[in-house]
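Just below is one structure, and these are the notes that go with it.
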Amino acid sequence: MAPRRSAPAEPEEQEPEEELVTLQFNETLTWRPGKPIPIDQLLKRLDRLSKELAEMDQDTVDPASLTKVAKEVAAHQLLTHKDKGVRAFAACCVVDILTLCAPNAPFTGNQLKDIFNLCVTSIIPALFDPSNPYNNQHKYVLRSFAEYKSVVLLLDVEGSDTLLLRLFSDIFEGVDGVKSSSGEHLPKEVQFTMQELLGVLIEDAASLPAKVIDAIMAQFLRAAPGAGRARQEHVPLDENQATLLQKEEPEAYQMAKNLCQMYPEKMSRFVSQYFSDVILEGTSLGGKSGAHRDADDSDDQDGPSGPSESDLRELRKSHALIRELWKAAPMILQNVVPQVDAELSADNAQLRQLATETLGDMIAGIGAAGPPPRPTLDPAAYPPLKLEDDEGMDAPITNILTTPISPVSFSQTHGPTFHNFLNRKNDKVAAIRATWTTAVGYILSTSAGGIGLSREDEAALVRGLGEKLSDSDEKVRLAAVKAIESFKFRDVILKLGPNGGVNKEGSVLSTLADRSRDLKPAVRVAAMCLLSKLWAVGTGELLAGNQTVAAALGAIPSRIFNAFYVNDLELNVLMDRVIYEHLVPLTYPPLKKATKNAASNGNSQAAGAAPLDGDAIRAERILLLVRSMATDGQSGDQAKRAFFTMQSRQPQYANSVLTLIKQCDLYNGGVMDEDADKKTQLLHNTANYLAQFLPDREKTKSDIMRFAKMNDRRNYNLIKYILSQEQDFKTVHNALKELFRRMAASKEPGIVDTFWPLLYRSGCFMFNRSHLATIMEFSRSDEHGLGTIAHEVLNELSQRNPDLFKTHIGQLCKDLVDQAPTASKENDPIVAETLKACSTYARKYPKDVPMDREFIQTMINYALYGRPPRAAKYAVNILLSKKDSKSMVSATDLLKRTIKDWTYDSPHLLNKLTTVSQLELLAPKVTEEYDEPILNMAVQQTLIKVRADASDQDPDWVDDAAMDQEIQAKCLSLKILVNRLRSVEDVEEAKIKAKSVWNLLTKLIKDDGEICKTKDTPKHHRSRLRLLAAQLFLKLCTQKHFDDILTAGGFNTLALMSQDVVQEVRHAFVRKLQKYLAEGKLRSRYYTIVFLLAFEPSSDFKTRIETWIRSRARHFEQSKQAVLEAVMPRLLSLLAHHPDYRPELDMLVDHARYLHFYISLVATEANLGLITKYAERVKQTQDALDPTSDRHRVLCDLAQAVIRKWQERNNWIFSAYPGKVGQPVGLYVALKSHDEAQTAAEKQYVPEGLDEKLDELFKAMDRKKKRKTSDDRDGNPPSKKAKLPSRPKEAKPASKKVSATPRTKKPPSSSASKPKKPSKELTAQERADRRRSGRARGDKSYIERDSSEDDEEMLDGVAKWKYDGDESDESEDDGDSDAAPAASENASDDGEEEEEAAEKSSPPPVPATATKAAAPAKKKKKKAEEVPASDSDLSDLSDDEAEVEEKEAEEAEGSDDEEISSPPATSSTRRGGRAAPAANGRKAAAAAAAMKPKPKAAPKAKPPPPATRTRPTRGSARIKEAATTPDEGDEMDVDEEEEGGE
């Protein structure tokens, strides 16, 4: 602005002797009424006068000569003349006279009023039309007023308030866009002069009218049209709309801002008074409290009712103005900020919220126009965003009104108010906390309006934002997520990243990741979408190896995919959206825009002339996604398993959707010629089946029926394209886009919401044939370090979807030939994954694998010299895949070369053992004549010899890398023996040969893994051996004739493996058991074992087991099969013969925990009567294993007491089961007479005081609910679910039992430190005490995990999809589908029941595989909890006893069958293929035969035992301190070692 001119001081310095000049003008300017002066003459006279007056100087003029003229020009006739020219010239003369006569104006008060009325109402408004013929005169008047400050006389005129308001209002309105008729803008110099004029008035005025101040303040609200704060979300504009944004503030806004900045003291006083009238009134209406109102304040305090709605509107308008004033001229708010601060303490919540919002925006530099638009995080952008380019990319598109600007630091100029603002995060009102959270997001993202924050203030705000992500209120958590959305990618990394990455517990990013599993849909949707976008935008930096970005965001995929284990249908749909729209968008890369940022990002691929390979770019993103999970430890391993499991469902979903399309085609829009009812029912069945996988079942079924009625054949064909594995990605994606366009344009646009999740899951989007070539190339080149991941992906593809390899199998085989090892040259270990992929493909499509001489020799070389040794297994699988005479010749040649000069010390021993193990299974006739050398090596030279020295310092477990050759050789030798047995086709011969192997495996389990009689085996060797023995037992028992050999006593011994001392052992055993049960390969009696996990120390593992059991219970309930209910009598028998059983009351409470564990997971109001019936029925029988024992009756009474307590706790109505139930053959026998049974039923076998003990138990369980989110009492960091709290320390009887009993058995435990052999001689009582000391720990409570909040969301999906924890075990099970044909036929009762359930619940056309998959069990690593040491063995069975058991098994093959005479739903444990029951179970057998399912599908390859993992409180082995147990991920992949081979 031009400098203000004032009355010059120079004339005072001139010589005063100069003669005064008088006015020469002597013409008249007034006239008598009726005789006016003609206008043209009057104009000429006024023109001459004005020119003469303009040439005069104030210091030389004679003021007296101006008196007459002054009176005439101020005459009312002239000032109100109708001609605007007359008025203009008169005004010019007046201002000159005022200047020449200053400071004494020669006008009366009325004349001055007329003069200023003319200037304000006519002259100055005319300036806004530059085309006015008298514009120069108008400007002259304006300059004179401003330069000589004569306008200040206006302040003394009567009625000046009105004129001042008119003057200010007209100027502000005029400069803000009013144009002349010619379209000319008001010149800038005129605007500056007007500003100067107003400044003169403000400077000289002692006070200004309130309305004038209001007019000035109103100019700041031009930034927010409509006045007042209506915070809006700005829609991002693209580059073509950038011209629509304002590049500078409005002229009136600038003028008002300049006035405030030029006269801060005066304006500060005026503004303070202006706001006091509104704010203080509102604050007084809302009331004030002496201190801040925090979250813990009482809600019931009475106070004023608060401001009215009109008062609030005024307050909002005032606060919007304050925000804009802070942005424009913060110095004038010195007295206003304390008034806003006072509102923070108001009792009224609306006032506090408004003040919180206002102060937050002031600190962030956000004005009345609202916050800036949120930055765009485009997950499909290519090339991906670089960290250094983030600022530049958002810079071009800006709006000056929404650009955050804070001229000064609020925290430094108003420190107390800033800290009061920080304290609002603890306000008791959720809406205020949400407002505070939103404000903090803007403060951090704008760097406090660009002025910056101190390190301490920024840390405090980041910390507060993290706390609000975990707030108890949904609105606050959502506001926190939205607050982070306001951050640019660079800000997330540099401002939130230093607080900790996604995998650092307690950091902002980690807490944000936790919100992706929030119970409230709005929160979890916002959080998961934001997380996935952040990772997708950061892929460029992740691929480039930026460690800062990797530390902050690298674990995002793990956190997202781990949500899969929640098994919530809504969450699963959200994950589908996130995966295909954010993590790996279907639109990525957008090839048409691929070169947009190429130059800035320096990407030669995008900048060059060569076209982009979209499939290669997409495949690279997929590999990066998997690598991000692979590098995130155990959590990443779980997420990776979930990822591969989700992809493995694609063929099953595709089959189901294809079935739907076929049925829609037959339905023909409802017009059918024949079988209309049948076709309609089939369509409804399919709709019901698919609806179970989506949240809104009714809407899904309705949408599917509407889709069928549309009968759009083009839509049917498009869906077939989407599902086809033969189509490339571009075709599949284009088909999807066209399908959605057609659906959206149809009469039923709502069906899109139902079909997109189904098509995302069933379409070939993630692993498409277009991506395979790139993945194979990465596996060879290891570019960007993705080689290992590429091999792993190829392996998964080969197992889950080998059809994709049809066009690439030749290249795969060529790569194997090129990298083949020899005796002197080793191969790259990573090639084993390629071998595994080829092996899987060869088993399904053996004819596609080239079997020329070179390739056969290559496979032989891999078998003999491949690294790691498991490569030999895959090589043998490929070699024998065709099962023809040529492959047998190759197998014979391989075997001869293997056993040539075969000694324990010969090179490549492990390869040879692996090769022989596979040959024993796949080519038993080839190995038959070499039995002697094979058995000699496996047994005499390897198994029974101990070469390593044992010591007390040996660990209980070592990871795979630390396994020495001796233990690996022993494991392979065991597999050789078992595979020899599995390959025997004749059932009777197999049973005969099984005896020696059976005894060996039993001895390994019972003797704690010890097999040598002369030398101690190291502890970690024993752990591996007993685990493998137990897993091989399970594998053998998947075949009926082997399962028949396992007696009840042997089953009890095997069951105690679930309580092994070593965590890795018991966990791996249970996982293998889960796998076989879910696949239907084991009989239902094996479900009994999982209920021994009631004392599992690892809360995470126990939680996953509970979820799995509930899912199986839900599955059987939906299938109307009483499988788990029929487990009750088996569980009672197992507990009755448990080594820890004691008849004392305190000891029985331990067994009550087992029963409570079972009841809490299986019982419902509907089946409680059936479970009770089983318990009552068992009480009226005799124990077949120990006829003199009453233990089972004690436990029956205990079970019924627990059932009653559980019923009362849940307020259930008990309905007695009306039918009859049978009992497991071989466990119980009938009593001799009815009277004896009646006596047993009426007698109470439990001691007095049981009710009180059970009450304590259940109360402890209830307390667990209130503490389920607390930290683990052992000091371990909390997991997502609270760990089991410590057992109460009060002096209760139960507590005494825990501490007293083990102490009495301390002396025997001292023998544990002595050599191993003597320790085996501990008595049964001592061993039981040792076990109990490990289970009933002093720091544990009878508290189960409370699942009231998450049971429903965790159950539905677990029972339906294939488990992938051992997926390699199933898919790479040595190709033994022919070698062990009975595996499928002899599947467990449960498996057959599952199949029947699938047939009942799914539409007939839907493939059975689509109903028999299971979600992967969660495998989260946590430090094992400490378990007191104990040494004890399983109850030993002598050889004689073993023979008796075998004889019993032969007499009653169906010992596993449930003889249930109840309705079919309860007799589901008997199935076809099983031996006939005993005579007293014929009715049950007949009932079971009536509901016998259809024959099972062709058997799949037999799965191997799982990787060696873990076990606590075993009934047979020592219980050791487990605090330092290695992580589960350190174990050897036993599954892979035995997948096809063992």
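The values are calculated or read from the model by the stated rules, or taken from the named source; none is laboratory data. Here the structure is a predicted model, which means the values were calculated and not measured. Every residue, glycine as well, gets a Cβ built from its backbone with ideal geometry; the counts of neighbours run over all protein chains shown. All accessible areas refer to the heavy atoms of the entire protein, side chains included, with ligands and DNA or RNA removed. Shrake-Rupley method; radii C 1.70, N 1.55, O 1.52, S 1.80 Å.
Annotations for the structure displayed:
- Selection within segment 1180-1197 - in contact with a Phe, Trp or Tyr (Cβ under 8 Å, 6 or more places away or on another chain), in a helix (DSSP H, G or I) and open to solvent by less than 70 Å² (accessible area, probe 1.4 Å): H1192, R1193, V1194, C1196, D1197
- The condition of being within 30 Å of A619 (Cα to Cα), in contact with a helix residue (DSSP H, G or I) (Cβ under 7 Å, 6 or more places away or on another chain), open to solvent by 10 Å² or more (accessible area, probe 1.4 Å) and at pLDDT below 90 holds for only one of K488, K504, that being K504.
- Qualifying residues in segment 1156-1179 (those that are assigned to a helix (DSSP H, G or I) and aliphatic (A, V, I, L, M)) - the one farthest from the chain's Cα centre (by Cα): V1178
- Note on segment 1096-1108: residues that are open to solvent by 10 Å² or more (accessible area, probe 1.4 Å) and not polar (S, T, N, Q) amount to 2.
- Taking the conditions (1) open to solvent by 30 Å² or more (accessible area, probe 1.4 Å); (2) not acidic (D, E); (3) not in a strand (DSSP E or B) in turn, A1240 satisfies each one other than (1).
- Qualifying residues in segment 329-386 (those that are over 33 Å from the mean Cα position of the chain (by Cα) and among the polar types (S, T, N, Q)) - the one surrounded by the most Cβ atoms within 10 Å (Cβ to Cβ): T358
- Within segment 487-516, residues that are within 16 Å of S532 (Cα to Cα) and of a type in the set (V, I, T) have Cβ atoms under 8 Å from residues that are outside any helix (DSSP H, G or I) and open to solvent by 10 Å² or more (accessible area, probe 1.4 Å) in these pairs: V502/G554; T511/S470, counting only partners at least 6 apart in sequence or on another chain.
- Pairs, first farther than 17 Å from H808 by Cβ in segment 824-847, second open to solvent by less than 10 Å² (accessible area, probe 1.4 Å) and of a type in the set (A, V, I, L, M, F, W, C), C-beta under 6 Å, six or more apart: A832/A871
- Taken over segment 1198-1237, the criterion of being surrounded by fewer than 17 Cβ atoms within 10 Å (Cβ to Cβ) and under 15 Å from D1251 (Cα atoms) is satisfied by R1204, E1208, R1209.
- For segment 403-432, filtered to residues that are over 26 Å from P373 (Cβ atoms) and outside any helix (DSSP H, G or I), the residue that is farthest from the chain's Cα centre (by Cα) is H414.
- Considering each residue of segment 1008-1031 in turn, none proves to be open to solvent by 10 Å² or more (accessible area, probe 1.4 Å), under 47 Å from the mean Cα position of the chain (by Cα) and farther than 24 Å from R1071 by Cβ.
- Some residue of segment 1135-1145 being buried (at least 22 other Cβ atoms within 10 Å of the Cβ) and part of a helix (DSSP H, G or I): yes
- Residue within segment 290-313 that is modelled with pLDDT under 85, among the charged types (D, E, K, R) and crowded, with 17+ Cβ neighbours inside 10 Å present: yes
- Count of segment 1213-1237 residues which are in a strand (DSSP E or B) and either under 17 Å from R1193 (Cβ atoms) or modelled with pLDDT of 90 or more (or both): 4
- Selected residue [within 25 Å of K1019 (Cα to Cα) and in contact with a Phe, Trp or Tyr (Cβ under 6 Å, 6 or more places away or on another chain)] from Q953, Q941: Q941
- Matching residues, segment 1158-1170, being crowded, with 24+ Cβ neighbours inside 10 Å and under 14 Å from L1132 (Cα atoms): Y1158
- The number of residues in segment 821-869 being in a helix (DSSP H, G or I) and open to solvent by 40 Å² or more (accessible area, probe 1.4 Å) comes to 8.
- Single residue of V584, V573, V549, V537 found to be touching a residue at least 60 places away in the same chain (Cβ under 8 Å) and open to solvent by 10 Å² or more (accessible area, probe 1.4 Å): V573
- Options D40, D57, D47; residue that is within 19 Å of P103 (Cα to Cα), at pLDDT 80 or above and charged (D, E, K, R): D57
- For segment 776-820, a tally of residues being in contact with a helix residue (DSSP H, G or I) (Cβ under 6 Å, 6 or more places away or on another chain), not in a helix (DSSP H, G or I) and not polar (S, T, N, Q) returns 3.
- Helices (runs of 4 or more DSSP H) fully within segment 675-775 counting 3 or more residues that are modelled with pLDDT under 95, surrounded by fewer than 15 Cβ atoms within 10 Å (Cβ to Cβ) and at positive phi: none
- Single unsatisfied condition, I1089 versus (1) open to solvent by less than 10 Å² (accessible area, probe 1.4 Å); (2) over 34 Å from the mean Cα position of the chain (by Cα); (3) aliphatic (A, V, I, L, M): (2)
- Condition check for S881: of a type in the set (S, T, N, Q) and either outside any helix (DSSP H, G or I) or more than 51 Å from the chain's Cα centre (by Cα) (or both): yes
- Test: residue in segment 452-465 that is open to solvent by 50 Å² or more (accessible area, probe 1.4 Å) and free of Cβ contacts under 8 Å to residues at least 24 places away in the same chain: yes
- Cβ pairs under 6 Å, 6+ apart, first in segment 758-773 and more than 19 Å from L624 (Cα to Cα), second among the acidic types (D, E): Y760/D576
- The lone exception for K1265 - which of (1) closer than 30 Å to Q1118 by Cα; (2) assigned to a helix (DSSP H, G or I); (3) modelled with pLDDT of 90 or more; (4) not β-branched (V, I, T) it fails: (3)
Residues checked against (1) open to solvent by less than 10 Å² (accessible area, probe 1.4 Å); (2) part of a helix (DSSP H, G or I); (3) touching a residue at least 60 places away in the same chain (Cβ under 8 Å); (4) among the aliphatic types (A, V, I, L, M):
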position: V939; (1), (2), (3), (4): no, yes, no, yes
position: R947; (1), (2), (3), (4): no, no, no, no
position: D954; (1), (2), (3), (4): no, no, yes, no
position: E966; (1), (2), (3), (4): no, yes, no, no
position: K970; (1), (2), (3), (4): yes, yes, no, no
position: E985; (1), (2), (3), (4): no, no, yes, no
position: E988; (1), (2), (3), (4): no, yes, no, no
position: I992; (1), (2), (3), (4): no, yes, no, yes
